[in-house]
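The values are calculated or read from the model by the stated rules, or taken from the named source; none is laboratory data. Note that this is a predicted model, so its numbers are computed, not measured. Methodologically, a virtual Cβ is constructed for each residue, glycine included, from the backbone with ideal geometry; neighbour enumeration extends over all protein chains shown.
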């Protein structure tokens, strides 16, 4: 299957579904009671900080690990993948953050890496270089990626362009579900926008996309559903119509935790200036991209009594 044949949206069972899935490593609980579903033409965003369980979730869906609790279904059929190859054979492709590319090889070689096309027979069999060059160029153009030369080393491309090559490759080789592991984490604002545009293009072609990120400002414009993870558990599962960007940001930035801390400090008569400073620093950190952290109750700093020497 190539990229010119889009995945037709189907009614019925989702492409991928988890039902109260969990993962234990001995006595260690890495994931507990997590549910999600991804249908054709949808973007499912999974948000959480480091240690939230995002990596474990990816490994289960990608077939690297098996869930020890709950159910994992692909197009309505419960599965237990033994390897990522089995998941890939069912149309589930994963693009990891490090991309697993060979930086010194040309773009077209990376596009077909591990799935090279040959021609001839017997001892005369050789790589069909002309076909792979033309195909890589065409498929990248179909995704809106116009490279001057597919013979250039892929390491010379920007981070966003490399991500987009990986996405186009997965689409060409028949992915129905595309798992993207923090694709914008190491990118600037402009390159992040490029990747988000290609996520929308993949969705519009009928793929189901699972977008793993810690940045709600990247997730909200493209997402249809949002799963928030914290310490291996779901702390929210929302349709886009049910939650605003500000609410999503507040959940991600710990707005509720800061608010609880403010109340606790006020109860013991401690100044809340420090908490408000922390909140202001979070809001002012443009690199974090979390925006305003809401606190529902106005806070008045309580002056500390001076020691009169008694």
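Annotations for the structure displayed:
- Qualifying residue in region 94-113 (condition: touching a residue at least 12 places away in the same chain (Cβ under 8 Å), touching a strand residue (DSSP E or B) at 6+ places or on another chain (Cβ under 9 Å), closer than 30 Å to residue 72 by Cα and part of a strand (DSSP E or B)): yes
- Only residues that are farther than 29 Å from residue 205 by Cβ and either at pLDDT 85 or above or within 14 Å of the chain's Cα centre (by Cα) (or both) were counted in region 27-52, giving 10.
- Tally of residues being touching a strand residue (DSSP E or B) at 6+ places or on another chain (Cβ under 7 Å) and more than 19 Å from residue 13 (Cα to Cα) across region 64-83: 4
- Test: residue in region 143-153 that is within 30 Å of residue 187 (Cβ to Cβ), outside any loop (DSSP other than H, G, I, E, B) and in contact with a helix residue (DSSP H, G or I) (Cβ under 6 Å, 6 or more places away or on another chain): no
- For region 150-157, the criterion of being under 20 Å from residue 16 (Cα atoms) and surrounded by fewer than 23 Cβ atoms within 10 Å (Cβ to Cβ) is met by none of the residues.
- Among the residues of region 34-86, the ones that are in a strand (DSSP E or B) and loosely packed, with under 14 Cβ neighbours inside 10 Å come to 2 in all.
- Any chance residue 119 is touching a strand residue (DSSP E or B) at 6+ places or on another chain (Cβ under 8 Å) and either crowded, with 16+ Cβ neighbours inside 10 Å or closer than 20 Å to residue 209 by Cα (or both): no
- The number of residues in region 122-133 that are touching a strand residue (DSSP E or B) at 6+ places or on another chain (Cβ under 8 Å) and either part of a helix (DSSP H, G or I) or closer than 28 Å to residue 210 by Cβ (or both) comes to 1.
- Highlighted here are the strands (runs of 3 or more DSSP E) found entirely within region 178-259 that include at least 3 residues which are in contact (Cβ under 8 Å) with a residue 40 or more places away in the chain and within 14 Å of the chain's Cα centre (by Cα): 208-213, 225-230.
- Taken over region 99-115, the criterion of being modelled with pLDDT under 90, surrounded by 14 or more Cβ atoms within 10 Å (Cβ to Cβ) and touching a helix residue (DSSP H, G or I) at 6+ places or on another chain (Cβ under 7 Å) is satisfied by 99, 101.
- Failed condition for residue 7, given (1) loosely packed, with under 14 Cβ neighbours inside 10 Å; (2) at pLDDT below 90: (1)
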